[in-house]
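For reference, the structure is listed below as structure tokens.
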Amino acid sequence: MYERMLNKQVVPTLEEMVVYCGENGERFSMINDWLTQIFHTQQKIVFPYGNKYGWGIGHYKNKKLVCNIFAESGSFTVMIRLLNKQYTMIYNDLKKYTQEYIDNKYSCGDGGWIHYRITCQDHYEDIKKLLEMKCL
């Protein structure tokens, strides 16, 4: 469950990633479209950070990484870094599931990375809040 697309030799299309995400494929498509349309990010199909991350969509704004969205079997994971003050500003508006990711973030300078798995609409709504904080 939640296996990633790990065959580095075969570059998937966006449509193949959507299908791979199964019941969350529509959300995968919607979050990518939303980032591009609302925050004017540029999308790029990427295989970053070594063999365990797999294929995903990198979102960039002014050549700076906003997030990576990794296709998974039946879900997808958004990798995002925010500053501690950004996490604090939004923390109480998020579901407990999301708060646990923030509580266990990988610290990096004045902030940290989370690898947030989306498996339902509640998770989708919370990742949009985090991405808005990143893009504003």
(request) Take every Cα pair under 8 Å in segment 14-135 that's 6+ residues apart, average their separations, divide by the length, and report that relative contact order as a whole percent. (result) 22 percent
(request) Place a +1 charge on the Cβ of each Lys and Arg in the chain and a -1 charge on the Cβ of each Asp and Glu, then give the dipole magnitude about the Cα centre in debye, rounded to the nearest 20. (result) 600 debye
(message) Quick check for segment 14-135: number of Lys pairs with alpha-carbon distance under 19 Å, counting only pairs 8 or more apart or on different chains?
(response) 28
(message) If you consider only alpha-carbon coordinates, what radius of gyration and Dmax does segment 4-78 have, in Å?
(response) 11.5, 32
(message) Over 10 Å intervals from 0, what percent of Cα-Cα pairs in the chain sits in each interval?
(response) 12, 45, 36, 6, 0
(message) Quick check on the exposure proxy: order His123, His40 from fewest to most C-beta atoms within 10 angstrom.
(response) His40, His123
(request) First measure r as the distance between the Cβ atoms of Glu23 and Asp110, then evaluate 1/(1 + (r/R0)^6) with R0 = 41 Å and state the FRET efficiency to the nearest 0.05. (result) 0.65
(request) For Phe76, enumerate residues with amide H under 5 Å from its amide H, sequence gap 5+ or separate chain, H modeled in the peptide plane. (result) Ile118
(message) Which one, Thr13, Ile102, Met30, is farthest towards the positive end of the dipole of the chain when Lys and Arg carry +1 and Asp and Glu -1 on their Cβ?
(response) Ile102
(request) At 0.36 nm per residue, minus the direct Cα-Cα distance, what do Lys44 and Glu100 gain on full extension? Give it in nm, one decimal, please. (result) 17.3 nm
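Quick note: the coordinates plus some simple rules give every number you see, no bench work behind them. Keep in mind the model is a prediction, meaning the values are calculated, not measured. Neighbour counts are summed over all protein chains in view; Cβ atoms, including those assigned to glycine, are modelled from backbone coordinates with ideal geometry.
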